[in-house]
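Here, each number is a calculation from the coordinates, and none is a lab measurement. Remember, it's a predicted structure, so these values are computed and weren't measured experimentally. All Cβ positions, glycine included, derive from the backbone under ideal geometry; neighbour counts span all protein chains shown.
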Amino acid sequence: MKHRQTLTIGLVFMVALLVGCENHKNPTQAIFIQDDEPYSKREQDRYPYAFAPTLRMDNFPAPSGVNMVTFGSATWNVWPYTGENFSGAPQDPINLIFIGDADPLDIRAALLSLDGDRSAFGMPPIAPFNSVWDDAIGDVQTAYSENSGWTGSAIQLECGDHQQLRFHMRLFRAGDITIANVHFEVLIPGTTTHQVLNWELGEQFVIADFIRSGLLDPTTPMVPVAGFNDSPFRKIPSVIYNGLPVELRSLIGGPISDVTEDVPIVTDGNAMILNLAGTAPRIAETRTQSFIIEFNQAVPKPFCADGPLDFLYVTGPVSFEQVSTLSEDGVYETHFSASAELIAQPINPLTGEPTGDELSAVITEKHDSYLSSRKSSASSFKHQALLPSAADGAGQFFESLTVNSNGPDSFDSKTRCGAGASSSAGPAVKGGIGL
């Protein structure tokens with residue numbers, strides 16, 4: 001049997017290298033949700049197995065737990081989390097609230113205008129701490145406020161490298177304010193999945209950059225919102241945590257020694273209001289990212305799993321491409337695509353031995369966003385298939401999400417399982433072959 005790398009060894013090597021040092025395109029037809037056509041006839045013909053509904057959401061009430069945010073005489077009612085759809089299940093904590101000159105396009109312009117010298121804040125001259133901001137590739141998420149309803153992450157930013165360590169921020173326009181989550185995360189070796197390591201470090205990183213920008217109101221630059229969300233929030237799996245070097249464990253405030261249980265992700269539960277009293281110039285431009293990630297990891301089967309020990313060893317290249325454009329008339333758009341045809345070998349995760357015939361894992365993912373002075377929208381389309389359809393363990397997963405300030409919102413999730421597999425529904429498991 002061929003050698004299989006372990007997640008722990010790969011993570012130790014990659015992160016230790018980052019801490020100690022300085023720093024084939026395969027296009028597919030674009031699939032974006034339109035107001036009058038949720039998905040095209042072409043795609044239904046191409047993926048007929050995926051288009052039988054198992055889970056659909058089309059009535060989207062407010063999530064529970066909306067909190068009041070106060071600044072002087074102004075108040076806003078905001079859900080203190082982001083979501084992956086409209087279910088109200090929390091995904092990431094909202095830890096930044098921008099007011100004043102707070103349009104997402106102005107926040108983006110302010111951060112993109114900065115250099116990477118953060119030495120005045122004691123940050124080391126290594127990536128991502130001396131990196132500059134750029135547009136980010138990341139899953140589309142939802143957020144909620146009472147004055148604007150559901151809103152999507154039309155702008156995502158990163159400081160650092162998508163394929164290594166980065167600070168990642170999602171911005172959500174919510175009426176006259178912008179709400180955001182920012183976090184510090186690492187790409188899990190041999191996968192396309194990031195693991196959040198710390199919420200608080202990301203928040204402090206962005207605060208430092210807005211102090212550097214000179215755009216905070218000098219009278220009342222910032223105000224904390226105490227007890228805004230849960231502390232701590234979510235956990236780092238122990239197998240990933242034990243792969244981190246001790247320098248990184250110390251940085252994120254975790255135990256120095258190896259652990260036997262998952263480690264809570266640090267946050268004080270507070271959000272920070274940043275009061276902006278100025279803007280940086282918005283620069284019309286196009287930014288392009290294109291790269292390949294080699295999948296080479298054992299992962300839980302992401303859908304149609306027969307149990308917790310149903311694992312696949314997945315190998316092969318995944319192609320990523322994103323184009324972000326800010327036009328002369330102030331319209332921001334992003335178009336992202338990822339595609340892959342991978343080999344998925346069923347294995348026993350305890351021994352690494354094969355337990356069945358190889359499957360072909362075919363992945364297509366598209367993200368689309370649009371932001372102007374009048375409209376904000378974000379959408380995603382995901383399709384994953386384990387083929388051939390007659391094989392034991394085969395199945396298909398489909399998910400689409402649209403959040404549109406000037407039109408209908410939608411969320412659709414379907415799963416169909418092939419021979420010998422139990423039926424399931426809902427989104428793919430994080431850390432599986434999903435992007």
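Descriptive notes on the structure:
- Val239-Gln164 FRET efficiency (beta carbon distance; Förster radius 30 Å; 0.05 resolution): 0.95
- The stretch 61-276, relative contact order in percent, only Cα pairs under 8 angstrom and at least six apart counted: 21
- Spin-label model, Thr286 to Ser119: label points 7 Å out along the Cα-to-beta-carbon direction sit 3.8 nm apart.
- Amide H contacts under 5 Å for Phe311, placed H, 5+ residues apart: Lys301, Ile347
- Computed from the C-beta positions of Ala277 and Ser87, the FRET efficiency with R₀ = 35 Å rounds to 0.40.
- Annotation note: GluC sites (Glu not before Pro) in the stretch 335-402 located in DSSP loop regions with a Cβ neighbour count of at most 14 within 10 Å are Glu358.
- Extension gain for Asp262 to Asp392 (0.36 nm times residue separation, less C-alpha to C-alpha distance): 43.5 nm.
- Where labels lie 7 Å past Cα in the beta-carbon direction, separation of Thr220 and Val66 in nm: 2.3
- Remark: for residue pairs Lys235/Lys366; Lys301/Lys414; Lys235/Lys414, the C-alpha separation exceeds 23 Å in Lys235/Lys366; Lys235/Lys414.
- Annotation: amide H-H contacts under 5 Å for Gln297 (H modelled 1.01 Å from N, sequence separation of 5 or more, or interchain): Val314.
- Principal axis dimensions, the stretch 81-155 - Cα atoms, whole angstrom, descending: 42, 25, 20
- Sequentially through the stretch 357-374, phi angles give Karplus couplings (6.51, -1.76, 1.60; θ = phi - 60°) of 6, 4, 10, 9, 9, 9, 10, 9, 9, 9, 10, 9, 9, 8, 9, 10, 5, 10 Hz, Gly and Pro residues having no value and appearing as x.
- Debye-sum result for the stretch 61-276 in log10 I(q)/I(0), which assumes one identical scatterer on each alpha carbon, at q = 0.10, 0.14, 0.17 Å⁻¹: -0.42, -0.84, -1.25
- Sorted ascending by nearby beta carbons within 10 Å, beginning with the fewest, Thr315, Thr334, Thr219, Thr191 become Thr219, Thr315, Thr334, Thr191.
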